[in-house]
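Colleague: Next up is a structure, given as C-alpha cells.
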C-alpha cells in the first residue's frame, strides 16, 4: 500500500474510531473485548478499503460500523456459542456521581443503572439498533446497511427495543 | 388508539424518517388523539433518559495508538506485492492519460479536471474544518448573526438560512479559501453529522445543474444558480444530503437570490 493510500485510510477511518469503540462496547458489553474488536475491525477495514472507494450512498462511519458489527458478532460466536450470558460489569454502569446530593445521586444512578441494565439485557439485534440510532445517529437506511436487514425491520426493531427500555424505566420509577 | 404498526410509524416520525405527507397526516392525528400524544411524550422521555444515562465512549488513547500501529504495519506488509514497479509505471500511466486527454476532447477534459480539482479543494476544506476548533469562526444558530459577520470579510453577502425546523440546524459560519478565492462556508448539523456549504458568486452563465460526487466516504453536491456557485459536503447519506440541498435551493430561489 502506498503511503498516500495509508494516509487516506487514516483520514477516512480514524475519525470514526470513537463511534467504532462505542458500538463495540455495547455489543461486547466489555472493555477488553471491545478493544480487540475495534482493532480487528480496523485491519479488516484496511483490507476492504479499496472496495469502499466508490460506493455511492454509504458514509465512512456507517461503512466502518458495519465492519465493527460483523467482527463483534463473529468473534462472539467463536468465543462463546451461548452468547446470551449476561456479564454485568458493575464499574461500567455506575459512573461518577460524587458531588451530588446523595438522594439525587441515588435516583440518578438508579435510572442510569436500570437503563444500562435494560439495554444490556436486550437481544443483540435490538441493542444494536438502539446504539446505532441513539448514540451513533445513523439514519434508518444506514442502520439497514449496517445490520443487513430491510428498513422496515429496522423500524420495527427500534420500536420494540424502545418499548422494552421504556418499560424498564417505568418499573424503576414505580418501584 | 395505539397499535404496533402505528407505534413504529410514530417512532419513525420522531426520528425524522417519515415522508412529509405521512408526517402531516400523523401530526393531525396526534393533535386529536390523547393516547398517541401520551405515547409520544413517553418516547421523548426515553430519548432524554438515553441521552443522560447511556454514554457514548471515547476510544482509549492506547487503543488509538495500537490501531494506528497495526494498520501501519499491515499496510507496509502489503506494499511490495501491490506496487512492484511503481517507479516505472506511474510516469508511463501519467503520460498515457495525458495522451488520451490530448487526443480526446481536450477542452471538456480540462474543464472536468478543473471541476475535480475544485472538488478536491472543497473536500480538503471540509475535512480540515472537522479538526478541533477549525469548524466555525462565528458559531451561531442565528442567521441574523452569521450573515452580517461576513460583511467586510467577503466581497459578497452570502445567503444564510436556518433549517432547524427541518432537522438541519445552522451551527455557524467560517471564512474559507477554495479554488483561489475567499469563500463563505456555512456549517449545518444533522444528528451527529456536519454539513459544510461553500458558496461564492458564480461566473456569469445559465447556472450548473446539480451533480454528485463521492470521495473517501464523503458526498459532494455541486450546482450553480445565476448568482452563486454552491458546493455541499458531508458524510451524511446521499438521500438526506440531497434533501438538504433541495431546501437550500428552494430557499435560494424564494429569496430571488439578490446580490
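The values are calculated or read from the model by the stated rules, or taken from the named source; none is laboratory data. In this text the structure is predicted, and so the values were computed from the model without any measurement. Because the Cβ atoms are built from the backbone with ideal geometry, glycine has one as well, and the counts that use them run over all protein chains shown.
Colleague: Looking only at region B:183-217, count how many residues are in contact with a strand residue (DSSP E or B) (Cβ under 6 Å, 6 or more places away or on another chain) and free of Cβ contacts under 8 Å to residues at least 40 places away in the same chain.
Modeller: 9
Colleague: With at the interface with another protein chain (Cβ under 10 Å from one of its Cβ atoms), modelled with pLDDT of 90 or more and loosely packed, with under 11 Cβ neighbours inside 10 Å as the only criterion, which of B:62, B:12, B:49, B:56 stands out?
Modeller: Only one candidate qualifies: B:62.
Colleague: Among the residues of region B:201-233, which ones are within 14 Å of another protein chain (Cβ to nearest Cβ) and at positive phi?
Modeller: B:216, B:217
Colleague: I've got another one for you. Among the listed residues A:118, A:62, A:72, A:45, identify the single one that is at pLDDT below 95, in the same structural domain as residue A:150 (by TED's automatic domain parsing) and either out of contact with any helix residue (DSSP H, G or I) (no Cβ under 8 Å at 6 or more places or on another chain) or part of a helix (DSSP H, G or I) (or both).
Modeller: Just one listed residue meets the conditions, A:118.
Let's see how each residue does on (1) surrounded by 21 or more Cβ atoms within 10 Å (Cβ to Cβ); (2) without any contact (Cβ under 8 Å) to a residue 24 or more places away in the chain:
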position	(1), (2)
B:119	no, no
B:124	no, yes
B:130	no, no
B:136	no, no
B:142	no, no
B:156	no, no
B:163	no, no
B:168	yes, no
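Colleague: For the structure I just gave you, tell me whether residue A:40 is in a helix (DSSP H, G or I), modelled with pLDDT of 85 or more, closer than 21 Å to residue B:76 by Cβ and more than 8 Å from chain B (Cβ to nearest Cβ).
Modeller: Criteria met by residue A:40.
Each row is one residue, and each column tells you yes or no for (1) over 16 Å from residue A:135 (Cα atoms); (2) in contact (Cβ under 8 Å) with a residue 12 or more places away in the chain; (3) assigned by TED's automatic domain parsing to the domain that holds residue A:116.
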{"position": "A:6", "(1), (2), (3)": "yes, no, no"}
{"position": "A:9", "(1), (2), (3)": "yes, yes, no"}
{"position": "A:17", "(1), (2), (3)": "no, yes, no"}
{"position": "A:22", "(1), (2), (3)": "no, yes, no"}
{"position": "A:26", "(1), (2), (3)": "no, yes, no"}
{"position": "A:29", "(1), (2), (3)": "no, yes, no"}
{"position": "A:33", "(1), (2), (3)": "yes, yes, no"}
{"position": "A:40", "(1), (2), (3)": "yes, yes, no"}
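Colleague: What's the number of the only condition in (1) out of contact with any helix residue (DSSP H, G or I) (no Cβ under 9 Å at 6 or more places or on another chain); (2) crowded, with 19+ Cβ neighbours inside 10 Å that residue B:203 fails to meet?
Modeller: So the condition that residue B:203 fails would be (2).
Colleague: Taking residue B:236 as the residue in question, decide whether it is within 12 Å of chain A (Cβ to nearest Cβ) and touching a strand residue (DSSP E or B) at 6+ places or on another chain (Cβ under 7 Å).
Modeller: Yes, satisfied.
Colleague: Please indicate, with yes or no, whether at least one residue in region B:247-259 is surrounded by 20 or more Cβ atoms within 10 Å (Cβ to Cβ) and either in contact with a strand residue (DSSP E or B) (Cβ under 9 Å, 6 or more places away or on another chain) or farther than 24 Å from residue B:134 by Cα (or both).
Modeller: Taking every residue of region B:247-259 in turn, at least one turns out to be surrounded by 20 or more Cβ atoms within 10 Å (Cβ to Cβ) and either in contact with a strand residue (DSSP E or B) (Cβ under 9 Å, 6 or more places away or on another chain) or farther than 24 Å from residue B:134 by Cα (or both).
Colleague: Quick one: how many residues across region A:118-159 are over 22 Å from residue A:68 (Cβ atoms) and more than 8 Å from chain B (Cβ to nearest Cβ)?
Modeller: The total comes to 2.
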